[in-house]
Amino acid sequence: HVKDIQTAVDWLLQSQKTVVFTGAGMSTESNIPDFRSRSGWWKQIDPRTVATTEALTENYQLFHAFYTARIQALQDVLPHEGYHVLARWEKRGLIDLIGTQNVDGLHRKAGSDAVEELHGSIHMMKCHSCGKKASTAHFIDGHVCEACGGKLRPNVVLFGEMLPQRAWQRTLSAIEKAELVLVIGTSLDVHPANQLPMMTDGRVVAINKEAHAGYTFDLTIEGKAGELLARMDEVMQS
Ligand code: NAD
Ligand code: APR
C-alpha cells in the first residue's frame, strides 16, 4: 500500500476541492455493523422487512424493534481515528464536504462540520404521518405522535423514500466541482446515493475492504478505512 498511500496523499494535497463520500464501512471499526459484509445487518435480517415504509405500516412491531436495537447499539459508540483524521483535514482546509450514507452521526461527533447526511439521522425521531419531531425516549417507549396519534420513526431514509433534497443537492454540486472524491467504506449498492461518486470530472479514490464490481476508479486502496486514513495522515506529517 505504501506507494498507493503516497499517491492518495499527493492527490489530496494538490486538490483545490475535495469531497469525501462515506458508507457503513466507515463505522465498522467503531463496532457498528455494516449492511452487506459477512457480519452486516442484512445478513441476519431481510431489509425489506424492516427498512421500508411497508415494514413501518404493516409490521410496526418488527420495525420498532429493529430501530430500537440500532439506537441502543449506538449508545456509547465513539468515532475511531479515521473519523478524527477527516475532521483534522477539514480544519486544515484539505476537504470541503463529507457526504455520508450513514445515519450514526459519527462524523459530527468527531468534529467534522461540513457534513451532509444523505440517508438522514437515526438520532432524530419524527411522526410518520404529520412529521412532528419526537424524542428518542418517546419512540423507544412505543408511544405515538402527541399531535396526531401517528406512528413514530427515526428520521432515516427508508427504501422507497426520497433522499433529503438539500443534502442531495449540496453533495451533488460539490462533487461536480471536485478535483478529488474519496469514496470510503461503501458497497455502492444502493440507488441513488451510489450514483454520486462518479458525477465528478476529478479523480476518484476508493478506500474499501472489498473491491467494487463494475466501477473503475483512478485509485483503489483495499483495506480498513480507519487504518488507511491514519497512515495517510502519518505520511502527510512526515
Ligand atoms: P434496490 O432494490 O436497488 O437495492 C439495492 C441494494 O440494496 C440491493 O443490493 C439490496 O441488497 C439492498 N436492498 C434492497 N432493498 C433494501 C431495503 N429495503 N433495505 C436495505 N437494503 C435493501 O433498492 P434501491 O433501488 O437501491 O433503493 C430504492 C429506493 O430506496 C430509492 O427510492 C432510494 O431513494 C431509497 N433509498 C433508501 C435507502 C435506505 O437507506 N433505506 C438508501 C438509499 C436509497
Ligand atoms: N474499512 C473499509 N471498508 C469497509 C470496512 C472498513 N473497516 N468495513 C466494511 N467495509 C466495506 C465493506 O466491504 C462494504 O463494501 O464497506 C462496505 C459497506 O457496504 P454496505 O454494508 O452496503 O453499506 P453502505 O454501502 O453504506 O449501504 C448503503 O444501504 O441499507 C442501506 O441505508 C443503508 O445507507 C445504507 C445503504
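The values are calculated or read from the model by the stated rules, or taken from the named source; none is laboratory data. What you are looking at is a predicted structure, and each value in this text was computed from that prediction instead of being measured. Here the Cβ positions follow ideal geometry from the backbone for every residue, glycine too, while neighbour counts run over all protein chains shown. Note: accessible area is taken over every heavy atom of the protein model, side chains too, but ligands, DNA and RNA are not part of it. Shrake-Rupley method; radii C 1.70, N 1.55, O 1.52, S 1.80 Å.
So what are the ³J(HN,Hα) numbers for the range 59-71, from phi and the Karplus equation (6.51, -1.76, 1.60; θ = phi - 60°), rounded to whole Hz, Gly and Pro as x?
9, 4, 4, 6, 4, 5, 5, 5, 6, 5, 4, 5, 5
State the extension gain, in nm to one decimal, for the chain segment bounded by Thr53 and Cys130, taking 0.36 nm per residue of separation less the distance between their alpha-carbons. Walk me through the numbers before you get to the answer.
Numbers: separation 77, 0.36 × 77 = 27.72 nm, distance 1.47 nm.
Result: 26.3 nm gained on full extension.
Sort out for me the Cα centre separation of the range 41-120 from the range 199-219, rounded to whole Å.
If we compute the Cα centre of each part, the gap is 22 Å.
Could you compute how much accessible surface Asp113 exposes when probed at 1.4 Å, giving the result in Å² to the nearest 10?
Surface accessible to solvent at Asp113 totals approximately 110 Å².
Taking a probe of 1.4 Å, how large is the accessible area per residue of the chain, in Å²? All intermediate terms of the calculation are to be shown ahead of the outcome.
Details: 11290 Å² over 238 residues.
Spelled out: the 1.4 Å probe surface of the chain, per residue, equals 47 Å².
Hand me the tally of lysine pairs in the chain: alpha carbons under 24 angstrom apart, and the pair either on different chains or 8 or more positions apart.
19
Tilt of helix 225-237 relative to the longest C-alpha principal axis of the chain, in degrees (0 to 90, nearest 10)?
40 degrees
If I model a spin label as a point 7 Å beyond the Cα along the Cα-Cβ vector, how far apart are those points for Gln14 and Asp46 in nm?
5.0 nm
Give the percent of DSSP beta bridges with both residues in the chain that are antiparallel, rounded to the nearest 5. If you can, show how the numbers build up before the last one.
Details: 7 of 29 bridges.
Given both bridge residues lie in the chain, the antiparallel proportion sits at roughly 25 percent.
Can you check what the Kirkwood hydrodynamic radius comes to for the range 135-238, Cα pairs only, in Å to one decimal?
Roughly 16.7 Å, rounded to one decimal.
Using θ = phi - 60° and the Karplus form 6.51 cos²θ - 1.76 cosθ + 1.60, what ³J(HN,Hα) does each residue of the range 80-95 get, whole Hz, x for Gly and Pro?
Values, residue by residue: 7, 3, x, 5, 5, 4, 4, 5, 5, 5, 5, 4, 8, x, 8, 10 Hz.
Which whole-number percent gives the relative contact order of the chain, counting Cα pairs below 8 Å spaced six or more residues apart?
Working: 423 pairs, mean separation 59.6, N = 238.
For the chain, the relative contact order is 25 percent.
Just read off the accessible area of His191 with the full protein assembly in place, 1.4 Å probe, to the nearest 10 Å².
Approximately 130 Å² for this residue.
For the range 110-115, in order, what is each residue's ³J(HN,Hα) by Karplus, 6.51 cos²θ - 1.76 cosθ + 1.60 with θ = phi - 60°, in whole Hz (x at glycine and Pro)?
Each residue's phi maps through the Karplus curve to give 8, x, 6, 9, 7, 10 Hz.
Once amide H atoms are built 1.01 Å from N in the peptide plane, which residues 5 or more positions from Met124, or in another chain, come under 5 Å H to H?
Residues meeting the amide H criterion: Asn155.
When the Debye formula is applied to the Cα atoms of the range 8-135, each taken as the same point scatterer, what base-10 log of I(q)/I(0) results at q = 0.18 Å⁻¹?
Log10 I(q)/I(0), no solvent term: -1.04.
Working with all protein chains in place, sort Trp89, Trp42 by solvent-accessible area computed with a 1.4 Å probe, largest first.
Details: Trp89 0, Trp42 40 Å².
Sorted by accessible area, descending: Trp42, Trp89.
Taking amide hydrogens as modeled 1.01 Å from N in the peptide plane, which residues meet the under 5 Å criterion relative to Thr220, leaving out close sequence neighbours?
Amide H to amide H, under 5 Å and 5 or more residues apart or across chains, Thr220 pairs with Ala206.
Explain nothing, just the number: relative contact order of the range 1-107, from Cα pairs under 8 Å at least 6 residues apart, as a whole percent.
Details: 90 pairs, mean separation 41.2, N = 107.
Over the range 1-107, the number comes to 38 percent.
Using 7 Å Cα-to-Cβ label points, what is the Arg170/Glu210 separation (nm, one decimal)?
3.1 nm
Where the only charges are on Cβ atoms (+1 Lys, Arg; -1 Asp, Glu), what is the dipole of the range 20-109 about its Cα centre, to the nearest 20 debye? Walk me through the intermediate numbers first.
Working: 10 positive and 10 negative charges, 43 e Å.
The dipole of the range 20-109 has a size of about 200 debye.
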